[in-house]
Amino acid sequence: MKRQPFIAAAMALLLMLLMSCGSKNQQTASQEAAQSQQPQSGASAAGQAAREGAGHRAAKEASAPQVKTYTIPAGTALHIRLNEAISTGTATSGSAFDGTLSSPLTADGVVVVPAGSAVSGQVTGVDRGGRLHHPAALSLTLTALRPTGGESIPISTDAWSAKAKSRTKRNVEMIGGGAGVGALIGALAGKGKGAAIGAAVGAGAGTAGAAFTGQKQIVLSAETPLRFVLNQPITITRSNP
């Protein structure tokens, strides 16, 4: 009978020890589980960040303008309008002029150089002409093209040229007319002999007048349309939205 309290106390102590060990084991297992999950959580977060970064880069690349190079071949016509007047009476060989593209340039179905783009050119030849059989002449070429919103591009074109019409027929008519007027004046003033002298004087006066008025200059006013042809291809790089 005396041993029963002792046995009960021993069993209670043993039970407490068992419960304590179980609690510690459970706590250790929970800690180990939590620790094993931490690397997985970190890896998952890192992967998510990488995926988001890749998505942002892809969206940025998709929204960025695409740069493409176009080639406009030789033989392409360039239609322009002059910004200022050009005259053989005042122009000099080598002088520059400016103009505006009146028709767009396309490549691969895309408008590469819009109408309204600036062009620059040079007077390559000018002849003011002479008397009677020597008409005036003018030649021009384009040297640069500047697309709207872009940079200037050097270009090479065939020469545009013009030559004034010869006025020989008019000169002859004026010479004859001068002789007739002189003969009439001579006849009225000096009768028969005066008519012959007046005819000779009048012919000389008519020749002088024809030489002065027969010199015709080439004048291209502002907004004059001109057509040039590329003799070398040009390459243009532009951004497509």
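Write out, first by first residue and then by second, each pair whose Cβ atoms fall under 7 Å of each other, whose residues are 6+ apart or on separate chains, and whose first residue, in segment 98-121, is touching a residue at least 24 places away in the same chain (Cβ under 8 Å) while the second is hydrophobic (A, V, I, L, M, F, W, C) and not in a strand (DSSP E or B).
Listed by first residue and then by second, the contacts come to Leu101/Ala115; Ser102/Ala115; Ser103/Ala115.
For residues in segment 82-102 being within 15 Å of the chain's Cα centre (by Cα) and not hydroxyl-bearing (Ser, Thr, Tyr), which is surrounded by the fewest Cβ atoms within 10 Å (Cβ to Cβ)? Working first, answer last.
Taking segment 82-102 first, the residues within 15 Å of the chain's Cα centre (by Cα) are 98-102.
When the remaining residues are screened for being not hydroxyl-bearing (Ser, Thr, Tyr), the result is 98-99, 101.
Values: Asp98: 14, Gly99: 25, Leu101: 22.
Restricting to residues being within 15 Å of the chain's Cα centre (by Cα) and not hydroxyl-bearing (Ser, Thr, Tyr), the top hit is Asp98.
Select from segment 103-132 the residues that are surrounded by fewer than 21 Cβ atoms within 10 Å (Cβ to Cβ), modelled with pLDDT under 95 and under 16 Å from Ile218 (Cβ atoms) and list them in ascending order.
Those that are surrounded by fewer than 21 Cβ atoms within 10 Å (Cβ to Cβ), modelled with pLDDT under 95 and under 16 Å from Ile218 (Cβ atoms): Asp127, Arg128, Gly130.
Could you figure out which of (1) modelled with pLDDT under 95; (2) out of contact with any Asp or Glu (no Cβ under 8 Å at 6 or more places or on another chain) isn't true of Ala136?
Evaluating Ala136 over (1) modelled with pLDDT under 95; (2) out of contact with any Asp or Glu (no Cβ under 8 Å at 6 or more places or on another chain) leaves (2) as the failure.
Gly186 fails exactly one of the following numbered conditions: (1) more than 29 Å from Thr106 (Cβ to Cβ); (2) modelled with pLDDT of 50 or more; (3) surrounded by 14 or more Cβ atoms within 10 Å (Cβ to Cβ). What is the number of that condition?
(2)
Residues that are out of contact with any Pro (no Cβ under 9 Å at 6 or more places or on another chain), of a type in the set (Ser, Thr, Tyr) and assigned by TED's automatic domain parsing to the domain that holds Arg227: list the strands (runs of 3 or more DSSP E) wholly contained in segment 109-150 that include at least 1 such residues.
Values: elements: 110-113, 118-127, 137-146.
It comes to 118-127, 137-146.
The values are calculated or read from the model by the stated rules, or taken from the named source; none is laboratory data. This is a predicted model, so every value here is computed, not measured. Because the Cβ atoms are built from the backbone with ideal geometry, glycine has one as well, and the counts that use them run over all protein chains shown.
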